[in-house]
1. With the structure loaded, tell me whether residue 40 is out of contact with any Pro (no Cβ under 6 Å at 6 or more places or on another chain), charged (D, E, K, R) and more than 17 Å from residue 132 (Cα to Cα) or whether it fails that test.
2. Write out, first by first residue and then by second, each pair whose Cβ atoms fall under 7 Å of each other, whose residues are 6+ apart or on separate chains, and whose first residue, in segment 73-84, is surrounded by 14 or more Cβ atoms within 10 Å (Cβ to Cβ) while the second is small (Gly, Ala, Ser).
3. Restricted to segment 24-57, and to residues that are assigned to a helix (DSSP H, G or I) and more than 22 Å from residue 169 (Cα to Cα), which residue is modelled with the highest pLDDT?
4. Across segment 166-185, which residue is farthest from the chain's Cα centre (by Cα) among those that are part of a helix (DSSP H, G or I) and small (Gly, Ala, Ser)?
5. Quick check on residue 100: is it farther than 30 Å from residue 33 by Cβ, at pLDDT 95 or above and touching a helix residue (DSSP H, G or I) at 6+ places or on another chain (Cβ under 9 Å)?
6. Among 92, 122, 111, which is the only one that is polar (S, T, N, Q), assigned to a helix (DSSP H, G or I), in contact with a helix residue (DSSP H, G or I) (Cβ under 9 Å, 6 or more places away or on another chain) and surrounded by fewer than 16 Cβ atoms within 10 Å (Cβ to Cβ)?
7. Can you tell me which of (1) surrounded by 15 or more Cβ atoms within 10 Å (Cβ to Cβ); (2) more than 25 Å from residue 165 (Cα to Cα) is the one residue 38 doesn't meet?
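The values are calculated or read from the model by the stated rules, or taken from the named source; none is laboratory data. Since we're looking at a predicted model, the values are computed, not measured. Here the Cβ is made from the backbone with ideal geometry for all residues, glycine too, and neighbour counts use every protein chain on show.
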Amino acid sequence: MKMRTRMLMAAHLCLCAAPLLAADPAAKPAAAGTRIGIYDSRAIAVAYVDSAIFKASEGVQLDAMQVEYDKAKAAGDQHRVAELKAQGQARQTLLHTQGFSTASVRNILDQIKDKLPAIQAQAGVTALVSKWDQAALATYPDAERVDVTMALVDAFNPTPRQRQSAIAIQKSTPISLKQAGSIRD
């Protein structure tokens, strides 16, 4: 099975089976009456994997890596083959830590940055913060917390199955970053 196909299938299956605008830690505490949008980063990762947005960004990069991998393998360039495998594994590890644990999804939310102001305005929040980012949340000790997870999920136009998986993942406890980083295909 091709490396790209394995990576996509593993990411999708693993994520479905089971901070972009994070506050500046040096920021002043929020005034009373402030509302912040919080989200479960795992649900965002689940919605992103295998979405059209994923395929248009990650998919293109993975296709290019696959072409390079095939060329290196055909040429017998074991060093480059190993390098590309390591890159692929690093991407997979990132997706695992985002989908099963509490790793930042800043890179994922960057894919919908043009939609974020409208999501914030609709929710009436001044910032978006992962519910797992204790340092960022501490900068808003008196802020009302509004869950915007599903609004962010829906910004990825998920399939019904992806949306259901995003809902389901929120009902489970995240695993440690170390555990998520050690998941292998």
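1. Values: out of contact with any Pro (no Cβ under 6 Å at 6 or more places or on another chain): yes; charged (D, E, K, R): yes; more than 17 Å from residue 132 (Cα to Cα): no.
Considered against the rule, which asks whether it is out of contact with any Pro (no Cβ under 6 Å at 6 or more places or on another chain), charged (D, E, K, R) and more than 17 Å from residue 132 (Cα to Cα), residue 40 comes out as no.
2. Short answer, once both residue conditions are applied: 80/72; 81/72; 84/72.
3. Just the residues of segment 24-57 that are assigned to a helix (DSSP H, G or I), to begin with: 41-48, 52-57.
Now restrict to residues that are more than 22 Å from residue 169 (Cα to Cα): 56-57.
Values: 56: 83, 57: 78.
Among those residues, the one meeting the criterion is 56.
4. Step one: list which residues in segment 166-185 are part of a helix (DSSP H, G or I), which gives 166-169, 177-181.
Next cut, small (Gly, Ala, Ser) only: 166, 168, 180-181.
On the way: 166: 11, 168: 16, 180: 13, 181: 14 Å.
That would be 168.
5. Values: farther than 30 Å from residue 33 by Cβ: yes; at pLDDT 95 or above: no; touching a helix residue (DSSP H, G or I) at 6+ places or on another chain (Cβ under 9 Å): yes.
Judged against the criteria, residue 100 is not a match.
6. Values: 92 fails: surrounded by fewer than 16 Cβ atoms within 10 Å (Cβ to Cβ); 111 fails: surrounded by fewer than 16 Cβ atoms within 10 Å (Cβ to Cβ).
So the residue among 92, 122, 111 that is polar (S, T, N, Q), assigned to a helix (DSSP H, G or I), in contact with a helix residue (DSSP H, G or I) (Cβ under 9 Å, 6 or more places away or on another chain) and surrounded by fewer than 16 Cβ atoms within 10 Å (Cβ to Cβ) is 122.
7. All conditions pass for residue 38, except number (2).
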